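Below is one structure; the comments refer to it alone.
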Amino acid sequence: MEIAAETDKTNRRSEARSWLAVLVLGLAVFGLLYGASALLGGNVLYRWFYRWEAWSNTRLALYEIVALALIILLAAVLAHGLERKRVERRALIVGSLVLYMPALVSSLFAAAGLSYLMWEAFVAGGVVSTLACLLMGNNPQAVPDWRQWIAVGRVGRDAIQRADSGAWHILALLIVAIGVAITILGFVQVFRAHRKKRLQMDGLYATVRHPQHLGIAIWTFGLAFAASTTAGYLTWFTVLFFYILLALWEEKRLSQQFGSIYDDYRRRTPFMIPFVGMNVPLPQSRWSRVAALAAYYVAGMAIVCLIMMAIGVDANLYV
């Protein structure tokens, strides 16, 4: 009994130290991000951008070529995974990266105080925005509809005219910094456990079972918040959903590897949100499970859209 109590006390200390380390590392990352945004937010890039503006048609073609190349890359990686019978994890990781990388460019511009560089569909929200823009056809000046709302929408009151500074910008950088810190520390802790071939259950992993995924969800939301495009938020939710699927996949493998030890840990530790013991009900049969997950995704996307509509969306005719 005393040994169990001492172990529990040690785990609590490890958990507290880990979250203190997240705070310190997060402040350091915030300092780097804020310094970088201050250095990059000058007039040099602004003048360069407007010289490049004369090549707008060429740029849009380049963006579409990049989008197609990313889709081809995804198909190639999945085909390779099928050969080696490890397609699930590859599909979830590479699929989320392919979807998010273009939107990441847009978000980094916004976080650096350079949202004027998000003036093309591909750089405003990635593949989601580009597809909606292509569906608009050759008449982007038409009456706004759902395609334009997705392709060129900015969320918030006067979002298009909003300055890349102030409390909104600081909050975005703070969210990104905390998420990056959680991701880095979570990776370090699980990597150490992996090298020792043991199950990581202390530190950040005593608070949630998937701190790395929590960190990714937070910093990607911070970047979506910095850009505040409709396509950016939709892409963020899609990437979040991919990582929830990846977490479910990992838990199945961990349960097979560690048995009752992991099952006990899973029962007493929240999934991804600290202090919230929430489990999403899923059917056992394969196709019923797929249908349930698809329904959750559609419902989640609908909720994100409703939230953005409630906040308000401006359609910027910059395509």
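The values are calculated or read from the model by the stated rules, or taken from the named source; none is laboratory data. Because the structure is a prediction, the values reported are computed rather than measured. Glycine gets a Cβ as well: all are built from the backbone with ideal geometry, and neighbour counts include every protein chain shown. Areas reflect the complete protein model, heavy atoms only, side chains present, ligands, DNA and RNA absent. Shrake-Rupley method; radii C 1.70, N 1.55, O 1.52, S 1.80 Å.
Amide hydrogen proximity for Gly156: with H placed 1.01 Å from N in the peptide plane, the residues at 5 or more positions away or on another chain lying under 5 Å are Gly312, Val313, Asp314. Taking a ≥ b ≥ c as the square roots of the eigenvalues of the alpha-carbon gyration tensor, the range 152-250 is classed prolate because a/c is 1.5 or more and a/b outweighs b/c. Once a ≥ b ≥ c are taken as the square roots of the eigenvalues of the Cα gyration tensor of the range 154-198, is the result rounded (a/c under 1.5), prolate (a/b larger than b/c) or oblate (a/b not larger than b/c)? Taking the square roots of the gyration eigenvalues as a ≥ b ≥ c, the range 154-198 is prolate.
Quotient of the Cα radius of gyration of the range 220-268 and 2.2 N^0.38 Å, N being its number of residues: 1.63.
By the scheme Lys and Arg +1, Asp and Glu -1, what is the net charge of all other residues having a beta-carbon under 13 Å from that of Gly277? Please report the intermediate quantities before stating the final value.
Numbers: positive: Arg209, Arg266, Arg267, Arg268; negative: none.
Here the charged neighbours net out to +4.
Less than 9 Å Cβ to Cβ from Ala206, Lys/Arg counted +1 and Asp/Glu -1: what total charge do the surrounding residues give? List each step's numbers first, then the result.
Working: positive: Arg12; negative: Glu15, Asp202.
That sum, taken over residues with Cβ under 9 Å, equals -1.
Taking a ≥ b ≥ c as the square roots of the eigenvalues of the alpha-carbon gyration tensor, the range 171-319 is classed oblate because a/c is 1.5 or more while a/b is no larger than b/c.
Applying the criteria of a DSSP loop state and at most 10 other Cβ atoms within 10 Å to the trypsin sites (Lys or Arg not before Pro) of the range 193-232 yields Lys196, Lys197. The mean accessible area for residues of the range 125-265, using a 1.4 Å probe and ignoring ligands and nucleic acids, is 44 Å² per residue.
Given a 1.4 angstrom probe, I'd like the percentage of the accessible area of the range 198-283 that is carbon and sulfur, rounded to a whole number.
Taking all protein chains in place, the range 198-283 shows 64 percent carbon and sulfur surface.
Annotation: for a label point projected 7 angstrom from Cα along Cα→Cβ of Ile311, residues of the range 217-259 with backbone N closer than 13 Å are 221-237. Packing, as the average of other Cβ atoms within 10 Å across residues, places the peptides 21-30, 291-300 in the order 21-30, 291-300, highest first. Taken along the Cα-to-beta-carbon direction at a fixed 7 Å, the label points for Arg13 and Arg195 span 2.3 nm.
Between Leu135 and Phe275, the C-beta separation translates, for a Förster distance of 41 Å, into a calculated FRET efficiency of about 0.45. In this calculation the C-beta distance from Ala36 to Ser285 is compared with R0 = 41 Å, giving a FRET efficiency of 0.25. Alpha-carbon geometry of the range 261-319: the Rg and the Dmax are 17.7, 56 Å, given in that order.
For Ile93 and Arg157 in the same chain, what is the full-extension length gain: residue separation times 0.36 nm, less their Cα-Cα distance, in nm? Spell out each step's value before the answer.
Details: separation 64, 0.36 × 64 = 23.04 nm, distance 3.45 nm.
Roughly 19.6 nm would be gained on extension.
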